[in-house]
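> A single structure is presented below for examination.
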Amino acid sequence: MFRIRHGIRVWDCSTWLLFDDVLPFQKIFSQHLAHVLPRLKILEIINELEQEQKAKEITLNINLVGFHHLTTLILYDIHMDYAEQFLCQIHLSSLVKLAIKKHILLTIVQQNHPQARDNCLRIGKLRTSEPSYEIIHTIQQFFPLADYVKHKNEY
């Protein structure tokens, strides 16, 4: 599956991944991704298809899944399932930048999931897919350190 060069899997050194798929991917895939890309720093997911098996329905130990070096997560073109999976089910100890669809962000904030809160505590830059000035107070409460980066259509 992965090429070996000088005794090292080539993918081990990858720090940026744009994942665009025409089929929904399941939680087990993110576990494999975390394992084969341990140094991943930037992840963008493009997949607007609902997962067949919801991440919250899977009884695997979620503490095993962690993207310990991931600093930037881009979730503009996704189904809600992937936001729930990455923000509520996976440990993101280094996450400092988040780009996300506005309505998905609002849903995550309303759910007030403890893991999502923990993952969002360190976020310093937050971008949304649409102007979000009317919910800035809500954003500031959930993302206490974040500088909200104005959308290009905001004044």
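Read-outs throughout are calculated quantities, based only on the coordinates presented, and are distinct from any laboratory measurement. Since the model is a prediction, treat every value here as computed from it, not as a measurement. Methodologically, a virtual Cβ is constructed for each residue, glycine included, from the backbone with ideal geometry; neighbour enumeration extends over all protein chains shown.
> Report, please, the projected area of segment 101-141 averaged over directions, based on the convex hull of its C-alpha atoms, in nm².
Values: hull surface 11.1 nm².
For segment 101-141, the mean projected area of the Cα convex hull comes to 2.8 nm².
> Take LEU126, LEU105 and order them by how many other Cβ atoms sit within 10 Å, fewest up front.
Details: LEU126 21, LEU105 27.
Listed from fewest to most nearby Cβ atoms, that is LEU126, LEU105.
> Shifting gears a bit: Work out, step by step, the length gained on full extension between GLU154 and PHE19: first 0.36 nm times the residue separation, then minus their alpha carbon distance; give nm to one decimal. Before the final figure, lay out the partial values.
On the way: separation 135, 0.36 × 135 = 48.60 nm, distance 2.87 nm.
Answer, rounded to one decimal: 45.7 nm.
> Moving on. Under the Kirkwood approximation applied to all pairs of distinct alpha-carbon atoms, what is the hydrodynamic radius of segment 71-155 in Å? Display every interim value, and only then the final one.
On the way: mean 1/r = 0.0797 Å⁻¹.
Taking the inverse mean of 1/r over all distinct Cα pairs, segment 71-155 comes out at 12.6 Å.
> Would you calculate the separation in nanometres between label points at SER93 and ASP77, each defined as 7 Å from the Cα along the Cα-to-beta-carbon direction?
3.3 nm
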